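A short worksheet on the structure shown next.
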Amino acid sequence: EPEVTQTPSHQVTQMGQEVILRCVPISNHLYFYWYRQILGQKVEFLVSFYNNEISEKSEIFDDQFSVERPDGSNFTLKIRSTKLEDSAMYFCASNAGTSVSYNEQFFGPGTRLTVL
Amino acid sequence: AQTVTQSQPEMSVQEAETVTLSCTYDTSENNYYLFWYKQPPSRQMILVIRQEAYKQQNATENRFSVNFQKAAKSFSLKISDSQLGDTAMYFCAFTTFSGTYKYIFGTGTRLKVLA
């Protein structure tokens, strides 16, 4: 069964460094999402992406964040200058976008980002 | 703004018993979707069950069923005949169209099934 994959599973970085989190959504899916979960808190929406552009973003998704789909298979989240408060689990999700999909999103296993 | 509340951070149940996980939400929308996702330890979230708000009938998927009370904005998950493999974090999620179908999650309930 197709799955969403994410790499790396754990990323440790120094404050101020750039990180790129990678996701491979399910191949025929059209909508892509990033969420994050700070330890002990709820999973929060960051951004959605459709047709090679951002369709919606949250207040969390400021100028330090960017997303792209560079090659038609990968979907990346870049944090330009990491802060301590960016430490969280980051989940990628995708959705087929068809009428029968009932808006079900398929999630990756997450990347745990630790900013020191 | 929509919110989702799961008031039970942790629960435990004996194998073969029944357990109910609670979820309430707040929205002014009339058309929306509700989901329960399961996240086993160190694994990705997988869909357990979904409910369309326009459907009055409660969704069921094998041992999993929901009690959807639209007026009360309540969406509880019942797991019957609990199995050890049901041990996981369970997230309640809400979505409606707002330019995209982003999910609003609750904080999760950690369920442990005891042998």
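Some notes on this structure:
- Answer residue from the range A:107-116, given it is open to solvent by less than 70 Å² (accessible area, probe 1.4 Å) and of a type in the set (A, V, I, L, M, F, W, C) and is modelled with the lowest pLDDT among those: A:Phe107
- The criterion of at least 3 residues that are more than 26 Å from A:His10 (Cβ to Cβ) and within 10 Å of chain A (Cβ to nearest Cβ) is met by the following strands (runs of 3 or more DSSP E) wholly inside the range B:31-115: B:46-52.
- Qualifying residues in the range B:3-15 (those that are assigned to a loop (DSSP other than H, G, I, E, B) and surrounded by 15 or more Cβ atoms within 10 Å (Cβ to Cβ)) - the one farthest from the chain's Cα centre (by Cα): B:Gln8
- Condition broken by B:Thr18, with the remaining ones in (1) touching a residue at least 24 places away in the same chain (Cβ under 8 Å); (2) open to solvent by less than 70 Å² (accessible area, probe 1.4 Å) satisfied: (2)
- For the condition at pLDDT below 95 and more than 25 Å from A:Phe91 (Cβ to Cβ), B:Ser28 qualifies.
- Every condition in (1) at pLDDT below 95; (2) more than 15 Å from the chain's Cα centre (by Cα) is met by B:Leu84 except one, and the failing one is (1).
- Restricting the range B:87-115 to residues that are among the basic types (Lys, Arg) and surrounded by fewer than 22 Cβ atoms within 10 Å (Cβ to Cβ), the residue that is nearest to the chain's Cα centre (by Cα) is B:Arg110.
- Checking each residue in the range B:21-47 for being buried (at least 20 other Cβ atoms within 10 Å of the Cβ) and within 21 Å of B:Asp81 (Cα to Cα) picks out B:Leu21, B:Cys23, B:Phe35, B:Trp36, B:Tyr37, B:Lys38, B:Gln39.
- Annotation note: of A:Ser87, A:Ser27, A:Ser94, the sole residue that is surrounded by fewer than 13 Cβ atoms within 10 Å (Cβ to Cβ) and either in contact (Cβ under 8 Å) with a residue 40 or more places away in the chain or under 17 Å from B:Ile46 (Cα atoms) (or both) is A:Ser27.
- Residue within the range A:7-20 that is within 22 Å of B:Tyr101 (Cβ to Cβ) and not hydroxyl-bearing (Ser, Thr, Tyr) present: no
- Being within 30 Å of A:Phe49 (Cα to Cα) and under 12 Å from the mean Cα position of the chain (by Cα) is a property that holds for B:Gln39.
- Among the numbered conditions (1) part of a loop (DSSP other than H, G, I, E, B); (2) crowded, with 19+ Cβ neighbours inside 10 Å, the only one that A:Ile60 does not meet is (2).
Conditions (1) more than 11 Å from every other protein chain (Cβ to nearest Cβ); (2) basic (Lys, Arg), marked per residue:
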| site | (1), (2) |
| --- | --- |
| A:Lys42 | no, yes |
| A:Leu46 | no, no |
| A:Thr76 | yes, no |
| A:Arg80 | yes, yes |
| A:Lys83 | yes, yes |
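Yes/no per residue for (1) touching a residue at least 40 places away in the same chain (Cβ under 8 Å); (2) surrounded by 15 or more Cβ atoms within 10 Å (Cβ to Cβ); (3) among the polar types (S, T, N, Q); (4) not in a loop (DSSP other than H, G, I, E, B):
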residue: A:Gln11; (1), (2), (3), (4): yes, yes, yes, yes
residue: A:Leu21; (1), (2), (3), (4): yes, yes, no, yes
residue: A:Phe45; (1), (2), (3), (4): no, yes, no, yes
residue: A:Phe49; (1), (2), (3), (4): no, yes, no, yes
residue: A:Ser66; (1), (2), (3), (4): no, no, yes, yes
residue: A:Ser73; (1), (2), (3), (4): yes, no, yes, no
residue: A:Leu77; (1), (2), (3), (4): yes, yes, no, yes
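- Tallying residues that are touching a residue at least 60 places away in the same chain (Cβ under 8 Å) and under 12 Å from the mean Cα position of the chain (by Cα) within the range B:23-36 yields 5.
The values are calculated or read from the model by the stated rules, or taken from the named source; none is laboratory data. What you see is a predicted model; the values in this text were computed from it and never measured. Cβ coordinates were reconstructed from backbone atoms using ideal geometry, including for glycine residues, and neighbour counts include every protein chain displayed. The accessibility values were calculated without ligands, DNA or RNA, using every heavy atom of the protein model including side chains. Shrake-Rupley method; radii C 1.70, N 1.55, O 1.52, S 1.80 Å.
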